[in-house]
């Protein structure tokens, strides 16, 4: 009996070869895509998990349960840090959570951003000279007259160049009107006169103020640097994020304050723009095999370098000018003595000379220029907006640069630098009890009432109202009233507070259980925290694999739906063609169930056969391509792949799920044609014969 | 007979009433016409020359010509946030366009300062000991106040006055003057609208617009004080209170209170970086 069923089913399959092939192709493609796609998405998800958990989030993140926004360690869409408030007592939280056996470590952290605005080349040199004079006045033994003389000569070198710039109306000089030009020439004449420098040491304050206020504003300034940073316990950070690695300089010694810049930021923002462009061209020419003559983008970079030579030239130490001039004269085989013109010739880059000039630039020229706006070991001023609303600034030493192994140049992993927790807290500006009291005193001294716009309009229109408000204002504003205004403001002892913290689990597969346990501890010990997994904590970035999976699932589902419709259509057509045969079978006693089974077997065979072929093909690709890995195109891809290549492997569980889904869809698609076939009466066979 | 007399008397009363109504009506219409004429005359009188004269007068009234020192309190109120408060001291030498603002309280901000010399606005951070250039759009202490709120009025130098209309602000009749920034001048806002009291010539209200025409801030000057200046040999008008309403972030406002205004001569070295640094120490 069973063999008859199979025979009939196979006969039908072969009878409608073309339809079977069309349905089969769709099933092959669908199953291939589902198996292969799932394998790739799984690999990306795993890569992303590694990149995110190993660079910033840990397995879980905790933050204040009173947070106004959900935590996103990479910041909001507009780039601002998410407003999550803070948890006041780290030690208490740490002690309580470490009681849970699956928590390995807790690293306090918090994100913010800061600016560094040193001013233009002349501002920087003026400030350097002022500092030297001030140190000398304080009898600092490290400041020598020679050093001051050298700084003065450097300033003179810059002023002379600016003077030439004004004469030649160079791009870096800002002069809008004729009167500005005249005034600039007058001021430069004063500053360059030998008499101006004769008594410089005795009157340095007034001389430097003249240069700073009259001359320096003539130079274009775009030296502002912007840093996203993560304040954390650096020692704990280093120990818990194994892919963290120092690239330049050194790690901040224990107990010291300091700043570590992500190497990606250091190379793409802090590095001199001319050198950066040279690097970009090199990468395009060597790694991406692009041709300068064919790439408009590369030609634009070369043009920009030629137009902005000042950015490099003005970082030159004046004392090296003769050496560099000679080197360039020899290299370029030119008799020109003007270094600026020689640099102009040097940056006339073409296909043939690029690599040689690139090497010469780094080997012979770079040592004479300041290649980075910040050198390792510099103490830099960072200014941040505090949570109280005013600005806060600190000096912090740059100890080095770092990256995370496997995704060194990723802009996402490089989106933050690192600062010690104390400096972070200073810049964050918590509202302390002392600050609150001071606010009360200032408000009391100020003695004004808060008035709305309507109240103010009333002051202008109604004498009585004005009088009332005036009297109220004249009266001392009561302390109670002021205190009321501040009852909502959280107060904190800043050396204990943290914004969020990364939790590493001993067994990360127990994530859900650990979350539940932490929630329970939080409830019992009243810690005031909420806990989220790494995916939620990474905001939009973490949701990307889910989005990818949804897109893939949707696409495959559409394919399977098409396959189901094709199956149904083909079976219906077959039913119409086989009415007589089915009628005959019914007439000789075949029960309805017999017909139903034929249809079911026919569909099952088609589905299993073709989805098997699709799966085998997908497995073949996975084993060949997946093992070698797909190369990551670009630095963003490296972050998602958690390395330079994406390796992917078969996911047997998901293959089984794909099979079950295909069988289920086929089963559903069979129902209507089978029902139609079962409705055919034995009479139909006789009618047709008549 | 009596009946007809009563009717005549009634008709007479009706005629009188109609006459009174007509008279009142015509009177009112005439008065209104006269008033419109008067307003039109007023508007006609409000020429660009008049607008310029008013703005010049504003500048002149606030010009101290000599030095100026005051204690300025700033209170910034933002929605759902604790207010920010600062106490600062302002030093000005208006003749040379020099300006210093030193923060005194709270102690976390003590020693922070702004120094303006010529077109340069410098910001000093005692935390780093460094000076940074800022623009006139700088939000003082992170509040919605600008340096120009604390400076003398230099509207004639910075803006071109355009008469807008006559108007009223409560019980005050005001001239409304529009001001457009002159080319190449660094100002906080390129377009202003002033409500100038017709009676005493003080500005009562000011609206500040971005170049796009968007209203950014509305400022009220509810109180002015008169202080005699020896150098000017006449009175100088100083606002006691300035109330700034943020029009972008509705509900946010800033109050500036100026106290202990002193117009005596100041030390020359105040307007230098060295003095500001010494003050912060």
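The values are calculated or read from the model by the stated rules, or taken from the named source; none is laboratory data. Given the structure is predicted, the values throughout are model-derived calculations rather than measurements. Here the Cβ is made from the backbone with ideal geometry for all residues, glycine too, and neighbour counts use every protein chain on show.
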I'd like to know if the stretch A:45-60 contains one or more residues that are touching a helix residue (DSSP H, G or I) at 6+ places or on another chain (Cβ under 7 Å), assigned to a loop (DSSP other than H, G, I, E, B) and more than 30 Å from residue A:386 (Cβ to Cβ).
yes
Of (1) modelled with pLDDT of 75 or more; (2) at the interface with chain B (Cβ under 8 Å from one of its Cβ atoms), residue A:424 satisfies all except one. Which?
(2)
Given (1) away from every other protein chain (no Cβ under 11 Å); (2) in contact with a helix residue (DSSP H, G or I) (Cβ under 8 Å, 6 or more places away or on another chain); (3) more than 21 Å from residue A:312 (Cβ to Cβ), where does residue A:139 come up short, assuming only one miss?
(2)
Name every residue in the stretch B:183-197 that is at pLDDT 90 or above and in contact with a helix residue (DSSP H, G or I) (Cβ under 6 Å, 6 or more places away or on another chain), in order of residue number.
B:196
From the set of residues in the stretch B:152-163 that are in contact (Cβ under 8 Å) with a residue 40 or more places away in the chain and in a strand (DSSP E or B), which is nearest to the other protein chains (Cβ to nearest Cβ)?
B:159
Collect the residues in the stretch B:104-114 that are facing chain A (nearest Cβ under 9 Å) and touching a strand residue (DSSP E or B) at 6+ places or on another chain (Cβ under 9 Å), keeping them in residue-number order.
B:105, B:106, B:108, B:109, B:112
Count of residues meeting criterion [surrounded by fewer than 22 Cβ atoms within 10 Å (Cβ to Cβ) and more than 29 Å from residue A:90 (Cα to Cα)] in the stretch A:384-407
2
If we ask which residues in the stretch A:78-134 are part of a loop (DSSP other than H, G, I, E, B), within 11 Å of chain B (Cβ to nearest Cβ) and over 29 Å from the mean Cα position of the chain (by Cα), their number turns out to be 0
Checked B:71, B:88 against criteria (modelled with pLDDT of 95 or more and either surrounded by 21 or more Cβ atoms within 10 Å (Cβ to Cβ) or more than 10 Å from chain A (Cβ to nearest Cβ) (or both)); the one match is B:88
The condition from (1) without any contact (Cβ under 8 Å) to a residue 24 or more places away in the chain; (2) more than 7 Å from chain A (Cβ to nearest Cβ); (3) within 21 Å of the chain's Cα centre (by Cα) that residue B:174 misses is numbered (1)
Residue within the stretch B:200-209 that is away from every other protein chain (no Cβ under 12 Å), assigned to a loop (DSSP other than H, G, I, E, B) and within 22 Å of residue B:114 (Cβ to Cβ) present:
no
From the list B:279, B:265, which one is more than 26 Å from residue B:144 (Cβ to Cβ), out of contact with any helix residue (DSSP H, G or I) (no Cβ under 8 Å at 6 or more places or on another chain) and surrounded by fewer than 20 Cβ atoms within 10 Å (Cβ to Cβ)?
B:265
Right, residue A:555: in contact (Cβ under 8 Å) with a residue 60 or more places away in the chain, surrounded by fewer than 16 Cβ atoms within 10 Å (Cβ to Cβ), within 38 Å of the chain's Cα centre (by Cα) and more than 19 Å from residue A:18 (Cβ to Cβ) or not?
yes
Looking at the stretch A:106-125, can you tell me whether even one residue there is at pLDDT 90 or above, under 30 Å from residue B:274 (Cβ atoms), crowded, with 22+ Cβ neighbours inside 10 Å and out of contact with any strand residue (DSSP E or B) (no Cβ under 9 Å at 6 or more places or on another chain)?
yes
Residues that are loosely packed, with under 15 Cβ neighbours inside 10 Å and at pLDDT below 85: does the stretch A:615-626 have at least one?
no
Any chance the stretch A:168-175 includes a residue that's assigned to a loop (DSSP other than H, G, I, E, B) and within 14 Å of chain B (Cβ to nearest Cβ)?
yes
Sole residue being modelled with pLDDT of 90 or more, assigned by TED's automatic domain parsing to the domain that holds residue B:273 and at negative phi, chosen from B:137, B:154, B:93:
B:93
Got a sec? Which of B:219, B:242, B:270, B:227 is part of a helix (DSSP H, G or I), in the same structural domain as residue B:172 (by TED's automatic domain parsing), in contact with a strand residue (DSSP E or B) (Cβ under 7 Å, 6 or more places away or on another chain) and in contact (Cβ under 8 Å) with a residue 24 or more places away in the chain?
B:270
Given the structure, is residue A:346 crowded, with 19+ Cβ neighbours inside 10 Å, in contact (Cβ under 8 Å) with a residue 40 or more places away in the chain, within 30 Å of residue A:264 (Cα to Cα) and away from every other protein chain (no Cβ under 14 Å)?
no
When you scan the stretch B:103-114, how many residues do you find that are buried (at least 21 other Cβ atoms within 10 Å of the Cβ) and within 22 Å of residue A:128 (Cα to Cα)?
3
Taking residue B:149 and the conditions (1) within 14 Å of chain A (Cβ to nearest Cβ); (2) part of a helix (DSSP H, G or I), which numbered condition does it fall short on, given that it satisfies the others?
(1)
Quick one: residue A:381 ticks every box in (1) surrounded by fewer than 21 Cβ atoms within 10 Å (Cβ to Cβ); (2) within 11 Å of chain B (Cβ to nearest Cβ); (3) within 22 Å of residue A:154 (Cα to Cα) except a single one, so which number is it?
(3)
Among the residues of the stretch B:115-144, count how many are facing chain A (nearest Cβ under 8 Å), part of a loop (DSSP other than H, G, I, E, B) and either touching a strand residue (DSSP E or B) at 6+ places or on another chain (Cβ under 8 Å) or crowded, with 21+ Cβ neighbours inside 10 Å (or both).
4
Does residue B:82 satisfy the condition of being modelled with pLDDT under 90 and within 14 Å of chain A (Cβ to nearest Cβ)?
yes
Just one of A:158, A:162, A:225 is farther than 25 Å from residue B:278 by Cα and surrounded by fewer than 18 Cβ atoms within 10 Å (Cβ to Cβ); which is it?
A:225
Output for the stretch B:181-199, where each listed residue is farther than 15 Å from residue B:220 by Cα and either part of a loop (DSSP other than H, G, I, E, B) or within 15 Å of the chain's Cα centre (by Cα) (or both):
B:182, B:183, B:184, B:185, B:186, B:187, B:188, B:189, B:190, B:191, B:198, B:199
